[in-house]
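**Student:** Mind having a look at this structure? Questions to follow.
Each reported figure results from applying straightforward, stated rules to the coordinates on display, with no laboratory input. What you are looking at is a predicted structure, and each value in this text was computed from that prediction instead of being measured. Because the Cβ atoms are built from the backbone with ideal geometry, glycine has one as well, and the counts that use them run over all protein chains shown.
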Amino acid sequence: MKAQRGKVDDPEAIVFKRLLWDTERLGVTCGLIDCSLCNDKMDQGRVLACVTGLMEENRDIEFATIKLPPAFRGVLNGLIKEGAAFIDTELIFRFQKSEEREKAHEIAFLDTFEPDIFLPLAGEMTWSRFFMDERIPAERAHSLWTHSIRSQCLERADALAVAFRDVEPAGLVTLHFEEAQKIRLFIVGVLPECQGCGVGSDLMKAVTEKYGAGYDIYVETSSMNRTAQRLYQKAGFGLSHMRYLLHKMQ
């Protein structure tokens, strides 16, 4: 589906698209307004008008996710005044360079994997935007992540990195290959009974060893998720940029 472009100085800066998978799972029509590419010098009044105009043009969207660069506090405040809820500040990390070390766990790179073993990860996603929005029931957020893990393992991810501990699956990273030699890591998770054993570090090490020389690797996390931040920094990732995350229900 072709994305709509916002009418500001840079026509590529603001993008609206319908989130069909989210719509199916949440049971309400969902959309995304992404302002991540907005230049800090843009007039914030015009950006706010563009965002509200996109929401007006797409009034059938019941649940909109809005992403803003951190410099756009005027837009953030304007959207909150119009009923949007500030959910979190997302941190986007980019791989830089990691130290050489031996991995203690076997890591396999696969196209698909039986998802049931990793479904308990759904309960570990408490710093995600769906769990953090108090207007979304916890059971609905858990259900969405359960479906997401299943679909990532079976079809949605371009590749999977699976860690094994004593021959049993212990952790998972899902990879998405994007434009211009870019990889985005979507799910990075370790099963609860295997946490604290270096599984996450070994997964990140394996991914960066395999792809770090040829791709820019990015991963996102919540500003509240200190554990994930420490993991990524230990794996050689540095903070690239941040963005505000809001939800607007109509």
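**Student:** Please check which bits of region 29-52 a label hung off residue 81 would reach, taking the label as a point 7 Å along Cα-to-C-beta and the cut-off as backbone N under 15 Å.
**Tutor:** Residues 44-52 qualify, since their backbone N sits under 15 Å from the label point.
**Student:** Any chance you could give the angle, 0 to 90 degrees and rounded to 10, that helix 44-57 forms with the longest Cα principal axis of the chain?
**Tutor:** 90 degrees
**Student:** Evaluate 2.2 N^0.38 Å with N set to the residue count of region 169-250, then give the Cα radius of gyration divided by it.
**Tutor:** 1.18
**Student:** What is the distance, in nm, between label points placed 7 Å from the Cα along the Cα-to-Cβ direction at residue 140 and at residue 213?
**Tutor:** Reported label-point gap for residue 140 and residue 213 is 4.8 nm.
**Student:** May I pose another question? So what J values fall out for region 226-235 if you push phi through Karplus, 6.51 cos²θ - 1.76 cosθ + 1.60 with θ = phi - 60°, rounded to Hz, Gly and Pro as x?
**Tutor:** 5, 4, 5, 4, 5, 4, 5, 5, 4, 7
**Student:** Stokes-Einstein at 10 °C, 1.306 mPa s, Kirkwood radius from Cα pairs: D for region 95-241 in µm² s⁻¹?
**Tutor:** The calculation lands on 102 µm²/s.
**Student:** Taking Cα atoms, how many degrees apart are the long axis of helix 199-211 and the longest axis of the chain, rounded to 10 and kept between 0 and 90?
**Tutor:** Between the helix axis and the principal axis of the chain, the angle is about 80 degrees.
**Student:** Let me ask something additional. Taking N as the number of residues in the chain, what value does Rg over Cα atoms divided by 2.2 N^0.38 Å take?
**Tutor:** 1.05
**Student:** In nm, what is the difference between 0.36 nm times the number of residues separating residue 20 and residue 151 and their Cα-Cα distance?
**Tutor:** Net length gain for the segment: 45.8 nm.
**Student:** Hey, how many Å between the Cα centroid of region 33-101 and the Cα centroid of region 228-244?
**Tutor:** Value for the Cα centre distance between the two parts: 19 Å.
**Student:** Also: With θ set to phi - 60° and the Karplus curve 6.51 cos²θ - 1.76 cosθ + 1.60, what are the ³J(HN,Hα) couplings of region 116-125 in order, to the nearest whole Hz, using x for Gly and Pro?
**Tutor:** 4, 5, 9, 4, x, 5, 4, x, 8, 8
**Student:** For region 216-225, in order, what is each residue's ³J(HN,Hα) by Karplus, 6.51 cos²θ - 1.76 cosθ + 1.60 with θ = phi - 60°, in whole Hz (x at glycine and Pro)?
**Tutor:** Values, residue by residue: 8, 10, 10, 8, 10, 7, 6, 5, 8, 8 Hz.
**Student:** When we measure straight from the Cα of residue 234, which aspartates and glutamates land under 20 angstrom away, once same-chain ones fewer than 8 places off are left out?
**Tutor:** Here the aspartates and glutamates satisfying the reach criterion relative to residue 234 are 90, 99, 100, 102, 106, 202, 209, 216, 220.
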